[in-house]
Amino acid sequence: MNKLLDTVVVVAGGTGSVGEGLVRAFLRQGATVVVPYRTEAGRERLEDYVGDVDSGTLTCIQASVSDEDQTARFRSELLERFG
């Protein structure tokens, strides 16, 4: 089922254990899920965890949401890509 097709969801903390589950659930519903990440290891772990989900789209953007400048850059990139 693709209840969230054409929906963009941002999951801050998406590389953490609870966040990974949310990302996976949103992808299964067909959403485009955008995740800010701090480390390549976290991004790679998330991509491996959701790699078998055959619906939705995962987009990872390197940014720490605890840093004001990085959050502003993340927001700009998010709006540029997804409106």
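Of note:
- Checking every one of the trypsin sites (Lys or Arg not before Pro) in region 1-63 against DSSP loop status and a limit of 12 other Cβ atoms within 10 Å picks out Lys3.
- Less than 5 angstrom separates the built amide H of Val9 from those of Thr32, Val33, Val34, all sequence-distant by 5 or more or on a different chain.
- Folded to 0 to 90 degrees: helix 17-28 orientation relative to the chain principal axis, Cα: 50
Taken together, the values in this text are just the output of simple stated rules run on the coordinates, not laboratory data. In this text, all values refer to a predicted model and were calculated from it rather than measured experimentally. No Cβ is skipped: glycine too gets one built from the backbone with ideal geometry, and neighbour counts run over all protein chains shown.
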